[in-house]
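Since every read-out is calculated from the coordinates, none of them should be taken as a lab result. Since we're looking at a predicted model, the values are computed, not measured. Cβ: placed from backbone, ideal geometry, glycine included. Neighbour counts: every protein chain shown.
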Amino acid sequence: MIPKEKINVLRNKIDDLDNQILDFLAQRFSISREIGDIKASSGIEIRDQDREREIIERLANKLAGKLDKDDIASIFGPVYKISKRLQKNK
């Protein structure tokens, strides 16, 4: 297989993974909305920095040697931001 064909095969795999990532994010955000409903009806604050740190630590331990903790935090920062916005819109 020539390099261009190999690249196209790999890019197709990336496209498939991107689709899966978006599907999982949609599921995550749906759950975030549910959490927002519970927080709103219970008077619980939206932001939970301890929970955010806990997630980053758990993922950093799981992916030790594969992905840097700072990179994980950079990926999840926007996810947290969207989740909090969705929770506030309840």
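Here are a few things to note about the model shown:
- Leading residue at positive end of dipole, the chain (Cβ point charges), from GLY43, ALA60, ILE14: GLY43
- Evaluating 6.51 cos²θ - 1.76 cosθ + 1.60 at θ = phi - 60° for every residue in segment 4-17, the Karplus couplings come out as 4, 5, 4, 4, 4, 4, 5, 5, 5, 5, 4, 4, 4, 5 Hz, glycine and proline recorded as x.
- What you get for the chain, charging only the Cβ of Lys and Arg (+1) and of Asp and Glu (-1), is a dipole of about 140 debye around the Cα centre.
- Over the chain, relative contact order from alpha-carbon pairs under 8 Å, at least 6 apart, %: 40 percent
- Of all aspartates and glutamates in the structure, those lying under 17 Å Cα to Cα from LYS39, and not within fewer than 8 positions of it along the same chain, are ASP48, ASP50, GLU52.
- Max mean-square fluctuation residue, GNM over the chain, Cα-Cα springs under 10 Å, options ARG53, ARG28, ARG11: ARG11
- Applied to segment 55-71, the Karplus parametrisation 6.51 cos²θ - 1.76 cosθ + 1.60 on θ = phi - 60° returns per-residue 3J(HN,Hα) values of 5, 4, 4, 4, 5, 5, 5, 5, 9, 3, x, 10, 8, 5, 4, 5, 5 Hz, with x for Gly and Pro.
- Put in order of Cβ neighbour count within 10 Å, fewest first, the listed residues LYS4, LYS84 become LYS4, LYS84.
- Backbone HN-Hα couplings from phi across segment 78-85 [Karplus 6.51/-1.76/1.60, Hz, Gly and Pro as x]: x, 5, 4, 4, 5, 4, 5, 4
- Positive contributions from Lys and Arg (+1) and negative ones from Asp and Glu (-1), summed over other residues with Cβ under 14 Å from the Cβ of GLU5, come out at +4.
- Over the chain, the Kirkwood radius and the radius of gyration, each from Cα atoms, give a ratio Rg/Rh of 1.12.
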